[in-house]
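Student: Take this structure first; my questions come after.
The values are calculated or read from the model by the stated rules, or taken from the named source; none is laboratory data. All values derive from a computational prediction rather than experimental measurement. Cβ placement follows ideal geometry from the backbone for every residue including glycine, while neighbour counts extend to all protein chains displayed. These area figures cover heavy atoms from the full protein model, side chains too; ligands, DNA and RNA do not enter into them. Shrake-Rupley method; radii C 1.70, N 1.55, O 1.52, S 1.80 Å.
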Amino acid sequence: MRSRVSEFFRQHAFPLSLEGDSDFKGAFHSEMEAGLRGENSSLAMLPTYIGVDKSIPSRRPVVVIDAGGTNLRVCKVTFDEFGEGQIDDFSKEAMPGTQGELSSAQFFEAIARKVKPILEKDASIETLGFCFSYPAEILPNRDGRLLFWTKEVRAPEVVGQCLGEQLLKKLDRPELRITVLNDTVATLLAGKAQGDVDRCSGYAGFILGTGMNTAVVENNGDITKVQHNDLAGEQVINMESGNFSRLSQSDFDKKLLQKTGDPDAYILEKMVSGAYLGPLFHEVLFSAVDDGLFGKEGCESIAALKDVSALELNSVLSHPFRENPFAELGEQDLGVVVELGEALVQRAARLSAFQLAAALCRRTSSSSRLHPICVNVDGSTIHKMKGYYVAFESQLKSLLEEKDIHVMLVHKEHSPILGSAIAALTN
Ligand code: BGC
């Protein structure tokens, strides 16, 4: 007999397992290919002009700016002759534009304020790596133009601006070289240091934190929307895979989408990532109250919740009886809350794995058990949310191994920072 919870999910068109791998893969591949050709597609497939075949120069300090979904981190990075990166002068604060709307001048001023003291302290620095966790068109000189904000950041004047140029103006240091790159691209590069040692055959970067995205390596010959100096070469592509849109939506997804800044954009990201899992859980709980899944007291206390964060979702899944807004519910209601939350995390992990598996099997892979594809997996949500990583890994491996594609999943600390330093020094 179906449990009440699975019946509830069925009625709201929320899948408890993902069938139709080939439908997903087919749709995903056709969006990837349209994106590479520059045709209308939910996968932007943004070129980076960054290759993966250079070695890292040692003892040359770089300033790294890591503008993430939640935090802005700034520091200095220097590699030693063994390729180990040393991080100094580290600072961290809230990402500008997440605590209220900013003008462009205020946005770049907030970053420049953190960069200036490092440049003043070390006059030998000539290079900056700017890790930017938002969709940007990268130009051949490796500056990047913001296409639009995601993750609800508010600094609308920055859209359309060249990030490197604006920052160097604020710093009043036009002679510095700056490389703008996406966080998934930096993550791929940081993983490569590890993958080289283990003789991997290919590379990818995957991030599942506040937002979600994937970087892969593509043949220049397939990226027909831009001109190439080296048609036979390869480069890293920022897929912006969180925007994949050919997905069926449950009632909860539809309700949440209507409450976001741009309801038609980043549909996949809004089903799987840290910025949205809490609000999505809130939608699920509210519908469960309406559908009578809780007792009277449970209904009252859940209906009184103004919002639910991803952290709270994690707390109730990890420690149902303490430090979470549901801890005082009766056993039965608490059990339902946990079952609903687990189903949400399981679906997110499956969808994340589906998109990564599809991205990795578009090109013929030369991977083997001995020479797998090295995937650097970064992001707070995938590593901290109870049950996420385990479900993601097992789903990914089962999808890939049946196609004889082999992956080595790594998690390198400070990947966006180290990868940005590598990009700035090698490209
Ligand atoms: C952004 C991507 C980014 C991802 C992970 C998304 O919201 O659009 O550019 O890579 O989040 O941080």
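Student: What ratio of Cα Rg to 2.2 N^0.38 Å holds for segment 272-379?
Tutor: Computed over Cα atoms of segment 272-379, the ratio equals 1.39.
Student: In whole percent, what relative contact order does segment 1-151 give with Cα contacts below 8 Å and a gap of six or more residues?
Tutor: Rounded, it is 20 percent for segment 1-151.
Student: Quick one: of the DSSP bridges fully inside the chain, what percent are antiparallel, nearest 5?
Tutor: 60 percent
Student: Show which aspartates and glutamates lie in cross-link reach of Lys114 when reach means a straight Cα distance below 15 angstrom and same-chain residues fewer than eight apart are skipped.
Tutor: Lys114 reaches Asp66, Asp88, Asp89, Glu93, Asp122, Asp172.
Student: Now, a different point. Using the Cα centre as the reference, give the magnitude of the dipole from point charges on the C-beta atoms of segment 196-240 (Lys, Arg: +1; Asp, Glu: -1; all else neutral), rounded to the nearest 20 debye.
Tutor: Rounded to the nearest 20 debye, it is 80 debye.
Student: Leaving ligands and nucleic acids out of the surface, order Glu297, Glu81, Glu93 by accessible area at 1.4 Å, largest first.
Tutor: Solvent-accessible surface, decreasing: Glu297, Glu81, Glu93.
Student: Given the whole protein assembly as supplied and a 1.4 Å probe, what does the accessible area of Lys121 come to in Å², nearest 10?
Tutor: 150 Å²
Student: Let me ask another. Nearest 5 is fine: what % of DSSP beta bridges in segment 91-248 come out antiparallel, could you say?
Tutor: 75 percent
Student: Determine the percent antiparallel among the DSSP beta bridges restricted to segment 77-183, to the nearest 5.
Tutor: 60 percent
Student: OK, next. Identify, among Pro320, Gly261, Ile207, the residue whose Cα sits farthest towards the positive end of the charge dipole of the chain, taking +1 on the Cβ of Lys and Arg and -1 on the Cβ of Asp and Glu, with the dipole about the Cα centre.
Tutor: The listed residue farthest towards the positive side: Ile207.
Student: Right, here's the next one. If you build the convex hull over the alpha carbons only and average its shadow over all orientations, what do you get for segment 38-130? Give it in nm² to one decimal.
Tutor: 8.6 nm²
Student: Between Gln86 and Ala13, what's the calculated FRET efficiency when r is the beta-carbon distance and R0 is 51 Å? Round to 0.05.
Tutor: The value I calculate is 0.50.
Student: If you don't mind, there's one more thing I want to ask. Compute, for segment 234-310, the length of the dipole vector about the Cα centre, with Cβ point charges of +1 (Lys, Arg) and -1 (Asp, Glu) only. Units Debye, rounded to 20.
Tutor: The calculated dipole for segment 234-310 is roughly 100 debye.
Student: What's the carbon and sulfur percent of segment 85-157's accessible surface, probe 1.4 angstrom, rounded to a whole number?
Tutor: Carbon-and-sulfur percentage of accessible area, whole number: 47.
Student: Based on alpha-carbon atoms only, what is the radius of gyration of segment 103-257 relative to the globular estimate 2.2 N^0.38 Å?
Tutor: Normalised by 2.2 N^0.38 Å, the Cα Rg of segment 103-257 equals 1.19.
Student: Measure nothing but the geometry: give the 0 to 90° angle between the long axis through the Cα atoms of 331-360 and the longest principal axis through the Cα atoms of the chain, rounded to 10°.
Tutor: Rounded to the nearest ten degrees, it is 40.
Student: Cα gyration tensor of segment 64-178, axes a ≥ b ≥ c as square roots of the eigenvalues: rounded (a/c below 1.5), prolate (a/b > b/c) or oblate?
Tutor: In terms of gyration-tensor shape, prolate.
Student: Let me ask something else. Sequence gap at least 6, Cα distance under 8 Å: using those rules, report the relative contact order of the chain to the nearest whole percent.
Tutor: With pairs under 8 Å counted, the relative contact order is 21 percent.
Student: Enumerate cysteines in the chain without a disulfide-compatible partner, where compatibility requires another Cys Cβ under 4.7 angstrom.
Tutor: Cys75, Cys131, Cys162, Cys299, Cys361
Student: Taking the Cα centre of the chain as the origin and placing charges on Cβ (Lys, Arg +1; Asp, Glu -1), which of Ala303, Pro15, Gln332 is farthest toward the positive end of the dipole?
Tutor: Value: Pro15.
Student: If the viscosity is 1.002 mPa s and the temperature 20 °C, what translational diffusion coefficient in µm²/s does Stokes-Einstein give for segment 356-406 when Rh comes from Kirkwood over Cα pairs?
Tutor: This corresponds to a translational diffusion coefficient of 180 µm²/s.
Student: Show which lysines lie in cross-link reach of Lys192 when reach means a straight Cα distance below 21 angstrom and same-chain residues fewer than eight apart are skipped.
Tutor: Partners found: Lys54, Lys76, Lys397, Lys412.
Student: Still on this model: Report, in degrees rounded to the nearest 10, the 0 to 90 angle that the Cα long axis of helix 415-426 makes with the longest principal axis of the chain.
Tutor: 20 degrees
Student: What are the ³J(HN,Hα) couplings of segment 98-105, residue after residue, when phi is run through the Karplus curve with 6.51, -1.76, 1.60 and θ = phi - 60°? Round to Hz, x for glycine and proline.
Tutor: Residue by residue, segment 98-105 yields 9, 10, x, 5, 10, 7, 4, 4 Hz.
Student: Taking the full set of protein chains and a 1.4 angstrom probe, give the accessible area of Thr364 in square angstrom, rounded to the nearest 10.
Tutor: Approximately 140 Å² for this residue.
Student: Counting just the Cα atoms, what span does the chain cover along each of its three principal axes? Round to the nearest Å and put the largest first.
Tutor: Its Cα atoms span 67, 47, 39 Å along the three principal axes.
Student: Please report the accessible area of Asp122 (heavy atoms, 1.4 Å probe, ligands and nucleic acids excluded) in Å², nearest 10.
Tutor: Roll a 1.4 Å probe over it and Asp122 shows about 30 Å².
Student: Using +1 on the beta carbon of Lys and Arg, -1 on that of Asp and Glu, and nothing else charged, what's the dipole of the chain about the Cα centre, debye to 20?
Tutor: 500 debye
Student: Given the options Gln99, Asn40, Gly83, identify the residue whose Cα lies farthest towards the positive end of the charge dipole of segment 13-164 (+1 on Cβ of Lys, Arg; -1 on Cβ of Asp, Glu).
Tutor: Gln99
Student: With a ≥ b ≥ c the root eigenvalues of the C-alpha gyration tensor of segment 136-177, is it rounded (a/c under 1.5), prolate (a/b larger than b/c) or oblate?
Tutor: Taking the square roots of the gyration eigenvalues as a ≥ b ≥ c, segment 136-177 is oblate.
Student: In percent, how large is the relative contact order of segment 318-411, given Cα pairs closer than 8 Å and 6 or more residues apart?
Tutor: It rounds to 34 percent for segment 318-411.
Student: Moving on to the next point. Taking only Cα atoms, what is the 0 to 90° angle, nearest 10, from helix 388-401's long axis to the longest principal axis of the chain?
Tutor: 70 degrees
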